[in-house]
Amino acid sequence: MSNLKTKEKTAPGAKPEAAEKNRFTAPSVSPETTPQDVFNPESLFERKTLTDMGDGTRRFTTDYGKTFSTGPGGVFIIENRDGKEVEKSICGPLWVSGDIENEKGEDQRRAIKWRDRNGREHEHVFRRDEFLDPKAVLRVLLSGGLHIGQAVTAQGGSEIHNFLLQYPQAEKITGVDRLGWWDLGKCFALPGGVVIGEPPEPMLFTGDRESAPRYGEKGTLEDWRQSVGTDARNSWRLMFALCVGVTPPLMPFCKEENGGFHFYGQSSKGESTLARALCSLWGTAEDGQDNEMGGWENTANGVEAFAASHNQFPMVLDEISRADPNKVVDLLYKLGNGRGKGRMNRNLGLAKTHAWQTMFLSTGERRTEEQAALAIRRAPVQDGALIRLVNIPAVVSDALGVFDELPEGLTVDALAGRINKAAKAEAYGTAGPAFIRGVIEEVASLGGVEAFRERLEHDRAEWKRKHCDSTDSKILRVASRFGLVAAAGELAIIRGVFPGAPGDANKAAAACFTAWLDNFQTDAKKEDEILGRLDDFVLSSADHFDKVSDTLKVEHVSGRPLYGFIIPEGGEHAAYFIPSEFGRWFCEPLGMNQREVCSVLLKRERLKANDKRRGVLKAKSGERVHRLVPLGRAVVVLGIPFPQA
């Protein structure tokens, strides 16, 4: 950022020429001159150019005729006294290393560098409007050890402030407020100012560093491969978690919606080890809100900003019990949407909308819908939420926990503890960046982004073809996500980031997909379960119904609450429920309301109703719904497998 061009030297103390005295006079415009010819942005800086003095120092003269010198010895004002140059010390070594603006020419900033008394270099990026507060600017410089060689006013005013304001335009830098791909397939920005690959132009991250992921590294890639990577090969679920951790950087190459994977199961069986292994790809897996293992509580406030800060990076949401049951479903929809709400700024304009591409891994003892069921206003969790965060049983077996096999001589606790220790303190933060370098190399070897995109889509489609034979649209959406995770893992193996053989990532994804599918209820499965439970309920509660035989003989309930009536109808039996008892004794324990259950019965042609919205059969005023049923309204369920009286 310090490539500073020099122009022709301006003699110190020289008087401005006549034209300079009238520099605010509007230029004359000839008939052949257009306004575009008159205005030249570069002219704004023509009077402030750095001149190399040949002795390691550089000078510039301000708009008001003052000359500054900057170099290894510090910053000085050059004064002309009796025809001689006199240097007046201002401060230690200080210079502007870059002028920053975004792609629209907005959000302008200056990058300032200086050296402290011990020769250590410091850097800070100031927004242009921060120079309106000289004291705040000076406070930053003093905190960084800059030597001050002149008096400062109570408001912080000084020649240092003027020096920074008047410094000629430095190297132009494009400010980018997002992490991830700055140039798809060529340049990727990590938190902490690390950039992998070559940016197309000088660029600098200007986003909120405080909300950025807490990434860091310890050890080498080989250290990580020999510890976390090797031990993870004892579990398909652990291998899959690692694959999830490198998938988000591939999302810009293909069309894939945001989504996640929730590993649930009995405590102390290793489900948190899945999250720690993933964390180790990019940074430490230490607990705490300041680290990536902070968990679901990180989404409590500002979920949009939190998700946007993880754009093209994975999110870890450990222990779902920490999530607010009243908000967990809404959070899943927000995370899955990939874009925040449009809002107005303080100037009544449209504020910048947060956007993100990410995949998230969640853990906990409860399934998503079980956590949501603890809400004050309990409502069924719709399939839309359950395919955004798919439930995968974390435990393979009681004996093995999350592992499929154990190395000789090791227990579940010992192996999980070894992985956790390495992920927290011994080897972390190297595999994620290595994967990015591998992607850049793969893009280049294939001849560009489009070829890489085609390869990625082919690998994902091939995985879906082999492992998903369903035609259900919800299952196909989830299979597409699993396929992309598998493709990411295979690339990591091929590029030497993950240990293992080609095909291992595909197998890991297949094992987890099968575990999810075995426990996922399609709409048809849910309907079958509701109908089956209803039939079982009627049969097991037969002594709560008045029963009418084929000969119209009535057997009344005695000493028990009455739920309704069983009537022979059309060669079968129908249950005429008292509506309030149907809701109380069947729908509520099922976790559904009466209208939801009745809509399933209507769809399966098991409900007789003339008020289909409420799911009830209503008799005319003063009449009965059936001559043997003393009710004016009833929930009438057809096809009850009731034995003949």
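The values are calculated or read from the model by the stated rules, or taken from the named source; none is laboratory data. The structure presented is a predicted model; accordingly, all values stated were derived computationally and were not measured. Glycine also receives a Cβ, built like all others from the backbone with ideal geometry; neighbour counts cover every protein chain displayed. Ligands, DNA and RNA are excluded from the accessible area calculation, which covers all protein heavy atoms including side chains. Shrake-Rupley method; radii C 1.70, N 1.55, O 1.52, S 1.80 Å.
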* Got the relative contact order for the chain handy, in percent, Cα pairs under 8 Å and 6 or more residues apart? -> 10 percent
* Could you order Asp287, Asp459 by accessible surface area, starting with the largest, using a probe radius of 1.4 Å? => Asp287, Asp459
* So what's the Cα pair-distance distribution over region 483-641, bin width 10 Å, in %? -> 10, 31, 22, 10, 9, 9, 6, 2, 0
* Select from the chain the helices, each a whole stretch of DSSP H, whose alpha-carbon atoms run 20 Å or more along the helix axis and whose Kyte-Doolittle mean is at least -0.5; answer none if there are none. => 431-446, 473-494, 504-519
* Asked: Given a 1.4 Å probe and every protein chain left where it sits, what share in percent of the accessible area of the chain is carbon and sulfur?
  -> 48 percent
* Starting at 0 and stepping by 5 Å, how many percent of the alpha carbon pairs of region 154-218 end up in each bin? -> 4, 14, 20, 15, 13, 12, 11, 7, 3, 1, 0
* Over region 375-459, what is the mean sequence separation of C-alpha contacts under 8 Å (at least six apart), divided by residue count, expressed as relative contact order in percent? -> 9 percent
* Asked: Expressed as a rounded percentage, what relative contact order does region 428-486 have, with Cα pairs under 8 Å and six or more residues apart?
  -> 28 percent
* To do: Give me the net charge of His573's neighbourhood, meaning all other residues with Cβ under 15 Å from the Cβ of His573; Lys, Arg count +1, Asp, Glu -1.
  => -3
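For an R0 of 41 angstrom, estimate the FRET efficiency from the Cβ-Cβ distance between Thr471 and Val554 and round to the nearest 0.05.
The calculated FRET efficiency here is 0.25.
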* Structure fact -> The rounded separation in angstrom of the Cα centers of region 527-604 and region 455-481 is 41 Å
* Structure fact -> Checked region 398-472 against the a/c 1.5 cut and the a/b vs b/c comparison, axes a ≥ b ≥ c from its Cα gyration tensor; verdict oblate
* **Value of Rg to Rh for region 529-602 (Rh from inverse mean 1/r over Cα pairs, i.e. Kirkwood)** => 0.97
* For n ≥ 4 DSSP H runs only, could you compute -39500 (n - 2.57) per run for the chain, divide by its residues and tell me the 222 nm figure to the nearest 500? => -9000 deg cm²/dmol
* Using only alpha carbon positions, build the gyration tensor of region 431-517, then give the equivalent ellipsoid semi-axes as the square roots of 5 times its eigenvalues, largest first, whole angstrom. => 24, 15, 9
* Asked: Among 61-68, 398-405, what's the highest-first ranking by average C-beta atoms within 10 angstrom per residue?
  -> 398-405, 61-68
* Structure fact -> Set Lys113/Lys135; Lys269/Lys525; Lys269/Lys424; Lys104/Lys172; Lys218/Lys421, cut-off 24 Å on Cα-Cα distance; pairs above it are Lys269/Lys525
* Enclosed volume per residue, in Å³, of the convex hull spanned by Cα atoms of the chain -> 269 Å³
